[in-house]
Amino acid sequence: MLECDALEVAYGRVIALRDVSLRVQQGQVVSILGANGAGKTTLLRAITGLERPRRGRVLFEHREITHWEPADIVHRGISHVPSGRQVFGNMTVMENLRLGAYIRTGDRRLAGDVARDMDAVLELFPVLRARVRQAARTLSGGEQQMLAIGRSLMARPRLLLLDEPSLGLAPQVLEGILGALQRLNREHGLTMLLVEQNAHLALDFATYAYVLETGRIVQSGPTSQLKASDVIVQIYLGLKH
Ligand SMILES: Nc1ncnc2c1ncn2[C@@H]1O[C@H](COP(=O)(O)OP(=O)(O)O)[C@@H](O)[C@H]1O
Ligand SMILES: [Mg+2]
């Protein structure tokens, strides 16, 4: 479904991604595990057209999208939940969700369709239902993460990109969110690519993972195999549980 082919992204003289190649199959949950500064956010931004790769290609459903505009990429079926959530704090929950539906250019969906999609999001995250008229800034961190995911879902993506969904969330709150994401994958076949520095999450939630170190993919494989790898255990899993 998604293929990155020898991507290179630089910020001036700083090369953030070098020769990054990866694949995500339809229906799969894939993770990119990497420490702070490894290039995880840059990779997602390159896929969604927010950074311009110097080299390499991005293909989505066999079509090259490398230099497309971000809005066209969303319209094509890729939605991005940014790091730090970035909901619109002064807008209500409902307004944030509605914005997600209209972010696709050329979208002429009927109001009824939007209402149905919103209802599906509120069913997935019931705590948001009681808060639809509240300003997003009044929500807890976990609720804002739910809203950010919900807003992305309103664009009806076939591929969902998640930038460190665990950041700053208590384990219990995170568990609820992961459960909802799992439901989306199992029941709706939504394909996901998530980037994480939380190794337990990256390796437990996904079935296949890539390890990114200072802009390069240094290891990849089914998560069941990576979890047993000495290097992964020592560097990523060993220090804390
Ligand atoms: N806008 C930017 N300008 C210059 N350097 C950047 C910019 N964004 C990220 N970088 C650098 O690129 C590298 C990768 O950053 P990033 O993709 O944010 O990593 P991660 O998300 O894994 O923490 C880091 O060295 C970071 O300092
Ligand atoms: Mg990041």
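Every number here is computed from the coordinates shown, using simple stated rules; none is lab data. The structure displayed is predicted, hence computed values, not measured ones. Cβ atoms come from the backbone with ideal geometry, glycine included; neighbour counts cover every protein chain shown.
What about Arg54, is it basic (Lys, Arg), surrounded by fewer than 21 Cβ atoms within 10 Å (Cβ to Cβ) and within 16 Å of ligand 1 (Cβ to nearest atom)? Quick ask: steps written out before the conclusion?
Details: basic (Lys, Arg): yes; surrounded by fewer than 21 Cβ atoms within 10 Å (Cβ to Cβ): yes; within 16 Å of ligand 1 (Cβ to nearest atom): yes.
Spelling it out, Arg54 is indeed basic (Lys, Arg), surrounded by fewer than 21 Cβ atoms within 10 Å (Cβ to Cβ) and within 16 Å of ligand 1 (Cβ to nearest atom).
Give the residue that is nearest to the chain's Cα centre (by Cα), with candidates limited to residues of the range 187-199 that are more than 16 Å from ligand 1 (Cβ to nearest atom) and surrounded by 15 or more Cβ atoms within 10 Å (Cβ to Cβ). Walk me through it before giving the result.
Residues of the range 187-199 more than 16 Å from ligand 1 (Cβ to nearest atom): 187-192.
With the extra rule that they be surrounded by 15 or more Cβ atoms within 10 Å (Cβ to Cβ), the set shrinks to 190-192.
On the way: Leu190: 12, Thr191: 10, Met192: 7 Å.
Here the answer is Met192.
Of these, Gly150, Gly141, which one is away from ligand 1 (no atom under 16 Å from the Cβ) and surrounded by 20 or more Cβ atoms within 10 Å (Cβ to Cβ)?
Among Gly150, Gly141, only Gly150 is away from ligand 1 (no atom under 16 Å from the Cβ) and surrounded by 20 or more Cβ atoms within 10 Å (Cβ to Cβ).
Can you tell me which residues in the range 218-236 are farther than 14 Å from Val30 by Cα and within 16 Å of ligand 1 (Cβ to nearest atom)?
Answer for the range 218-236, where residues must be farther than 14 Å from Val30 by Cα and within 16 Å of ligand 1 (Cβ to nearest atom): Val218, Ile235, Tyr236.
Any chance you could count how many residues in the range 208-241 are surrounded by 15 or more Cβ atoms within 10 Å (Cβ to Cβ) and assigned to a loop (DSSP other than H, G, I, E, B)?
Selection size over the range 208-241: 3.
Those residues that are crowded, with 19+ Cβ neighbours inside 10 Å and over 20 Å from Arg116 (Cα atoms), I need them from the range 79-103; list them, please.
Of everything in the range 79-103, those that are crowded, with 19+ Cβ neighbours inside 10 Å and over 20 Å from Arg116 (Cα atoms) turn out to be His80, Val81, Arg85, Val87.
Tell me the helices (runs of 4 or more DSSP H) entirely within the range 9-117 that contain at least 2 residues that are out of contact with any strand residue (DSSP E or B) (no Cβ under 8 Å at 6 or more places or on another chain) and either away from ligand 2 (no atom under 16 Å from the Cβ) or under 18 Å from Asp163 (Cβ atoms) (or both).
70-76, 93-102
Of all residues in the range 133-166 being free of Cβ contacts under 8 Å to residues at least 40 places away in the same chain and over 12 Å from the mean Cα position of the chain (by Cα), which is farthest from Met91 (Cα to Cα)?
Among those residues, the one meeting the criterion is Gly142.
Condition first: touching a Pro at 6+ places or on another chain (Cβ under 8 Å), within 16 Å of ligand 2 (Cβ to nearest atom) and either part of a helix (DSSP H, G or I) or among the polar types (S, T, N, Q) (or both). Now tell me which residues in the range 133-180 satisfy that.
Gln145, Ala148
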